[in-house]
Structures are given as structure tokens and as C-alpha cells.
1. Taking the Cα centre of segment 177-519 as origin, work out the dipole magnitude from +1 charges on Lys and Arg Cβ and -1 charges on Asp and Glu Cβ, in debye rounded to 20.
2. If each residue's Cβ is checked for other Cβ atoms within 10 Å, how do Glu224, Glu258 rank with the fewest at the top?
3. Take each of the peptides 198-206, 448-456, average the number of other beta-carbon atoms within 10 Å over its residues, and list them starting from the highest.
4. Would you kindly state how much longer the chain becomes between Glu224 and Asn413 on full extension, computed as 0.36 nm times their sequence separation minus their alpha carbon distance, in nm to one decimal?
5. Taking 0.36 nm per residue of separation and subtracting the Cα-Cα distance, what length does fully extending Arg72 through Arg323 add?
6. Spin-label point model (7 Å from Cα, Cβ direction): what's the Asp263 to Leu89 distance in nm?
7. Taking Cα pairs under 8 Å and at least six residues apart, what relative contact order does segment 177-519 come out at, in percent?
8. Can you tell me how segment 231-363 classifies by the Cα gyration tensor, rounded, prolate or oblate, using a/c under 1.5 as the rounded cut?
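Every number in this text was worked out from the coordinates using simple rules, so none of it is lab data. Predicted model, so just to flag it, every value in this text is computed and none were measured. Note that each Cβ is placed from the backbone with ideal geometry, even for glycine, and that neighbours are counted across all protein chains shown.
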Amino acid sequence: MEHRPAMASHTPLYSGGKAGILASTWFDGPQLGSTQITDVSSLWNTSWSPSGQSSTLPLRKTTSRTQSSKDRFIPRRVDLDSNMSNYLLDAASDEQQDAESTPSKQDYMNTLKEGVLQATDDTKILPFRGSERAKSRHSSSAMEVLQGGSCASGASGSPGGQKRRKTTRFIPKSPDKILDAPDLVDDYYLNLLDWSKANILAVALRHCVFLWNAGTGATQKLLELPQTDGAQTNIVTSLAWGDQPGCHTLAVGTHNAEIQLWDVGAARQVGGFSGHRDRWLAAAAGMRGREPPRVSSLSWAGPTLSSGSRDSWIHHHDARQARTSAEVRGHTQEVCGLKWSPQGTQLASGGNDNLLNIWEARRNTARYTITRHQAAVKALAWCPFQQNLLASGGGTADRRICLWNTGNGQCLNEVDTKSQVCAVQWSIHDREFVSSHGFTHNQLILWRYAGGGRVHKIVELTGHQARVLHMAQSPDGTTIVSAAADETLRFWRILGSPTRSAAKLKMEHSTRGLLGASCIR
């Protein structure tokens, strides 16, 4: 009997005189027996044999093994362009967010990028991607997708993204108010000005402290230090308001190495510390200086008051228990700059030895000792919107403002200001800060912080006739007061406010005019 060629992928065996089926070992279909099948059209096919007799051949219902095999598609990740896909999926919501975008929201996104991700412009979230394909306009970086297609840099935005919306603010170049401050001591190393959260300005004029109420314009003398018969007059060398809400305590450092605590509401002294003077008196007569080490810098962190002195020591005092809780030393000369971070976790100290030290709250040794400055470091200011960002300024031989990441001790940027840097103040509303200067220009400079340590000069303010030694910021964050060796206080309404538009500010300034110079005492 002649065999029929193989069909499909199986060759069933057939017995011509039998109705039965001997299933092939490869046949995995249904097995047929003697049971009556009424419809077998799906399993049998009629054909003709070479002898002319009809015969039937069993066929599989399913397709061949090769055709029925299945597999999964594995794409090449490099061809997916995930950034573009995410952007297109979120395009509708992104357009709505862009329409509602404000500079404050964009600043918030920049803060997240720099503070949380430790990234700057053009930094990718997934840097391990190795594709070198040309980047599309919407996916020049993963951060652009995160920011809704806009990765702002300063006021112009990044290439390939939407430009950030420009905002205008009128910045007056003349002071809003001038007060005379006779007998203001011309000493770079002292800190004689501070503005409280209760809107009261304290200024030290030689051996007296005066208070000026910014709300009412009233002035009062808080204290006058008693004078001795010695050659050196006992003068006020530093001031600092308590930073806790509702606190009316003013700390006063003196030339006699003592610290006084005053309750301003009751106009009386409520405590004090003499640790610096006690250390000086305990030293041998031949080892100590002729004069007690004046307290030239003060800074609060909750109930803790820290003081820096000419003896190069820093003392931490607990105002609740009226005792000195710790004494640390990281300088070899006078500590003229001292600032606690807003979180109260780090302390920055600057000295006449050109050193900048970063201290942890519960450590007795400096975490970082920085030697980058070439002159005394007095100007210190912590950024209020980005943790671990510190600005420091050097004296006449240095003239630089440096921005530091105090988390790792690295310098983010430095700017040569061409003048002695006396003080720095960050705005509490905008990404800006103000610096005051001495030799040789005696000016104030308003700077824009663009992220990643980059700064841009906005405007220079002149008017003082001598070096601008001190600055303080109003509690509403709109005004900077400067105190200079020309014995004047000048109030500059140059900082932005979240509740007042530029047009209102310009109108108010033009109608108010310059108030006459009055005396603070």
C-alpha cells in the first residue's frame, strides 16, 4: 500500500479496511474510539487514493507546531525615549499648570531640585542612560519633565524649555527714611544693630542702647552702662534679640566681657553672664591682656545664647537656667561673626584670624574649618529657603562673598565685590540677598540667587559717606536698615513682599517721598 506524503507536521497511520484509528505518537488531538460521532467535519477530510477508492485522512484542528508557538516582544530601552513619553502623557495637565505658574512656585521647584536632589540646571534624574541620540525639545533633561517643561535658570529659563515668566518690582535707589545715630562706634568687629520680630529696632550708641518702634516712630533709651575711672570706657559691643515668638529679651554684650539680658517690655535687666570675664580674671596676670575680652558677637538658637569674644572662645549659655552650658574654641583671634542656622542645628563662626568654622549643635569641635578667606570674616548669613546654604564675607584684604554648602563644606561660588564686606542679609520672601560694604565704595548691593551658587547683581545703592558696618531686616521682610560710620541709619525698602505688587510699591514711594533726617535719640 502506498503511503500518502506527510501533511501538516504529523503522519497518521491508516488501515484501509478498518474504521479504527491508530493515533500517531505525535498526535495530541482528541482520541477517537467506537463512540458514535455525529459531526466529524472538523477532524476528517475526504480524499482519493491512487486506486480510485475514497479514503479519509485525519487532520489536526490546530495549526502546526511552528505556527502555534508564542513569544514575547522585548523592546530596546534606548529606543523608548521615556522622558518624551511621560511629557506627552502629562501634556494637558502641564499646560494647565504652566498657565497657573507663579515665580514662587518656580522658586519652590528650584529649591526641591537643589536641596533635595542636589542638582543644578541640566542635571538628569537618570544619569545612567547611555543614549547619545539627539534630544527633543521637550526632553532635553529629565528635570524638565519634572518641572512641567520649564527648568528655569535666573530669569531666562533653560534652552529647550519655556522661559520663566518675568516679574518686575520697583526698587527705589534712595532710602525711605534716614535717622541720625550720633556716637555710633566705627569698629568693623562689633555688631551694634538688630531688629526684633516685634518690629522694634535696637541700636547701640557708644555706652547706651536705644529702641526705635518702627510702628509708632517712638524712641526710648533702654540702658546706659556705668562708666569707670579706667582708661577704657565701657561701651556696648554687640546686640541680639531673642528669636522665639513673643520673646522681648535683648542680649547686650559689653566691652567689659559681660553679657546682660534685658526685658524690653519691663525695661529692666533680668539676667546676665560673665563667663568670658571670669576666664580672663582666672588667667595669670602675665598671661592675660591689659583689657578684658569684649563680647563682640551674639546669636540665639531658641533658649540658647552663644557669644563670641576677643579671647577667641565661644560660650553657649542657657537663658532658662542662667548658666554657661559649654565653652568651645576654634579660633586664635577675636570671634567677630556668629550665626545659628534657622533650624538651630549648625553654628557658623568667623574670626579675625581669617577662619570660618562650621559647628554642629552638640559637638565641641568644629566640623569644618575653612581657610578660603584672606581677611577677617564678620559677615555671615544663613539662607532661609535652602538648608545648609551659608553666605560669608571677608574684610578689606579679601572683599569676597562666598556661598557654602555646609553639608559637605564645599564652596559653591565666590564673588569679588571690590569692597570690604561688612554684613549680609537674605530676603525672607525672594531668592535675593543684600550685602553692605566699606572701603572703598561704601555701598549696598542687592543680589539675585540663581541656584547652584550662582548670583547676579541687581542694583547698587549709594548714599552713605562711610563704610556700612551693620544691617538688619524688618520682620515683614520688605526693608533693610543700614548703619554706617557716618552716624546715620538708612532704611531701604528694596526687598519684595508677597502681598504687595510692584505698582503699589512704586506709587507709595513716589507719594511718600524722602522723610527728613531725624535723630534716633
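1. 720
2. Listing Glu224, Glu258 from fewest to most nearby Cβ atoms yields Glu224, Glu258.
3. So the order, starting with the most tightly packed, is 198-206, 448-456.
4. 63.7 nm
5. Extra length from Arg72 to Arg323 when fully extended: 82.9 nm.
6. 6.3
7. 12
8. Oblate is the answer for segment 231-363, as a/c is 1.5 or above yet b/c matches or exceeds a/b.
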